[in-house]
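Peer 1: Structure incoming, see below.
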Amino acid sequence: MDVSKNLALRSLYCYQNNLKNLDINSTLFYLDCSVNELTDLDISKNSDLLTLSFVQNLLTKIDVCNNTGLYLLMCQDNRISIEELNAMFGKLHENLISGRTKYVYIKNNPGANSCDVRIAENKGWIVNLTSDF
């Protein structure tokens with residue numbers, strides 16, 4: 001699915017569509033592409049992204065280093081290893097988001113039970129290992 005030219009699009013909910021590819025624009029605030037077959041998701045140009053959910057996909061990593069307004073990251077039920085979860089935590093921003101608590105959900109990833117959640121917690125994120133949103 002290619003919505004990269006839809007520059008007025010601020011929210012995209014493409015839940016449960018058997019998507020294998022997703023090309024998005026740089027103006028999104030909210031993205032939910034859960035329950036698909038995505039193996040890659042490039043959000044590097046989405047600096048205004050506030051919430052991201054890609055639950056139940058086939059991703060092995062995600063790069064959030066440019067997402068400085070992000071406060072909700074839901075990546076449970078993917079294929080993210082210990083090393084990649086730790087790398088993702090290392091790239092999470094430390095910004096305070098007015099009136100928002102920052103959450104990251106990582107349940108049912110291969111690295112979830114052994115990763116170093118302190119990396120994210122030291123940046124003000126609450127890491128949820130056990131429950132859904």
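Peer 1: Using only Cα atoms, locate the centre of the stretch 1-78 and the centre of the stretch 79-133, then give the distance between them in Å, rounded to an integer.
Peer 2: If you average the Cα positions of each part, the centres end up 17 Å apart.
Peer 1: With 10 angstrom as the radius, rank SER131, SER26 by how many other C-beta atoms surround their C-beta, starting from the fewest.
Peer 2: Result, fewest neighbours first: SER131, SER26.
Peer 1: With contacts defined as alpha carbon pairs under 8 Å and 6 or more residues apart, what's the relative contact order of the chain in percent?
Peer 2: RCO, the chain: 17 percent.
Peer 1: Follow-up. Show me the three semi-axes of the equivalent ellipsoid for the chain, from the C-alpha gyration tensor (sqrt of 5 times each eigenvalue), largest first, rounded to whole Å.
Peer 2: In descending order, the three semi-axes are 22, 18, 12 Å.
Peer 1: Using the Cα gyration tensor of the stretch 1-77, with a ≥ b ≥ c the square roots of its eigenvalues, what is the shape: rounded (a/c below 1.5), prolate (a/b larger than b/c) or oblate (neither)?
Peer 2: oblate
Peer 1: On to the next question. So if each residue of separation counts as 0.36 nm, and I subtract the Cα-Cα distance between ASP42 and ILE97, what length gain in nm does that give?
Peer 2: Values: separation 55, 0.36 × 55 = 19.80 nm, distance 2.28 nm.
Residue separation times 0.36 nm, minus the Cα-Cα distance, leaves 17.5 nm.
Peer 1: Run the numbers on the stretch 71-133 and let me know its relative contact order in percent, using alpha-carbon pairs under 8 Å that are six or more apart.
Peer 2: 44 percent
Peer 1: Starting with the fewest neighbours, write out MET74, MET88 ranked by other beta-carbon atoms found within 10 Å of each beta-carbon.
Peer 2: On the way: MET74 20, MET88 24.
Taking fewest neighbouring Cβ atoms as first place, the list is MET74, MET88.
Peer 1: Continuing with the same structure: Checking the a/c ratio against 1.5 first, then a/b against b/c, what shape does the Cα gyration tensor give for the stretch 4-44?
Peer 2: In terms of gyration-tensor shape, prolate.
Peer 1: What do you get for trypsin sites (Lys or Arg not before Pro) in the stretch 46-113 restricted to DSSP loop and a cutoff of at most 15 other Cβ within 10 Å of the site's Cβ?
Peer 2: Working: sites: LYS61, ARG79, LYS91, ARG100, LYS102, LYS107; in loops: LYS61, ARG79, ARG100, LYS107.
Qualifying residues, ordered by number: ARG79, ARG100.
Computed from the coordinates by the stated procedures, all read-outs in this text should not be read as laboratory data. This one's a predicted model, so the numbers in the text were calculated from it and none came from an experiment. Every residue, glycine among them, receives a Cβ derived from its backbone with ideal geometry; neighbour counts consider all protein chains shown.
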